[in-house]
Amino acid sequence: MVHSGMMTRRTLLRMAALGVAGMTAGLIVRPGIAEERSHFNFVGDANNPTDLEHEHLINVRLPIIAEDGANVPIIVSLQNHPMEDDHFIRSIYIVSFNDPIVGKGLYEFSPANGMAYIANQMRMDGGDTKIFVVAECTQHGKWVASEEVKVSLGGC
């Protein structure tokens, strides 16, 4: 924590993550409130999406059960979205509100990437967790998807 008037890097990062979580928690966790939900777009029916929704389908691949929370693999992609100069996925943000470190990664893209795709590993606390993925399109705003994972042994 705080030693001789100095703050450790871990404490600073935890405070920053909690600040980000606090700012986004009301927007993602409580989607039933109309004004808050308007900040994000959601695909209504993934089996029968509109053309706009099809373009912004976020494919999130996680294991159903992760044996070790120290290395939970995640793959996120938007395979149907164009990556053109005036229309592309600007960023993907991964969040887990049940975790001590809420922000799991912020990935930025440009049209030069060709596709919005990430494959990485996350450190997660044990238990049942819902992962939220926010993809920001330069023309159509932020789109949200979520996926659940059970973590047997916490890695945090």
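Here, each number is a calculation from the coordinates, and none is a lab measurement. This one's a predicted model, so the numbers in the text were calculated from it and none came from an experiment. All Cβ positions, glycine included, derive from the backbone under ideal geometry; neighbour counts span all protein chains shown.
Could you calculate the FRET efficiency of Asp128 with Glu108 from 1/(1 + (r/R0)^6), where r is the beta carbon distance between them and R0 is 41 Å, rounded to 0.05?
According to the calculation, E is roughly 0.85.
Measure off 7 Å from each Cα along the Cα-to-Cβ vector at Thr138 and Ile65, then give the distance between these two points in nanometres to one decimal.
4.5 nm
Each residue of segment 67-83 in order: what ³J(HN,Hα) in whole Hz does its phi give by Karplus 6.51 cos²θ - 1.76 cosθ + 1.60, θ = phi - 60°, with x for Gly and Pro?
Couplings: 5, 10, x, 6, 9, 9, x, 9, 10, 10, 8, 10, 6, 9, 8, x, 10 Hz.
By a straight-distance test (C-alpha under 23 Å), which lysines pair with Lys150 as possible cross-link partners, with residues fewer than eight away in the same chain excluded?
Within the straight-line cut-off, Lys150 pairs with Lys104, Lys130.
Tell me the Kirkwood hydrodynamic radius of segment 71-135 in angstroms, computed as one over the mean inverse distance between distinct C-alpha pairs.
Details: mean 1/r = 0.0787 Å⁻¹.
Computed over Cα pairs of segment 71-135, the Kirkwood hydrodynamic radius comes out at 12.7 Å.
Would you please give the residues with an amide H less than 5 Å from that of Met122, counting only those at least 5 places away or on a separate chain, with H modeled from the backbone geometry?
Sorted by chain and number, the residues that satisfy this are Val72, Ile74.
Report the far tail of the P(r) of segment 28-142, meaning the percent of Cα-Cα pairs longer than 24 Å.
30 percent
Using the per-residue mean of other Cβ atoms lying within 10 Å as a proxy for protection, in what order, highest first, do the peptides 135-143, 44-52 fall?
Per-residue Cβ counts within 10 Å, averaged per peptide and sorted highest first, yield 135-143, 44-52.
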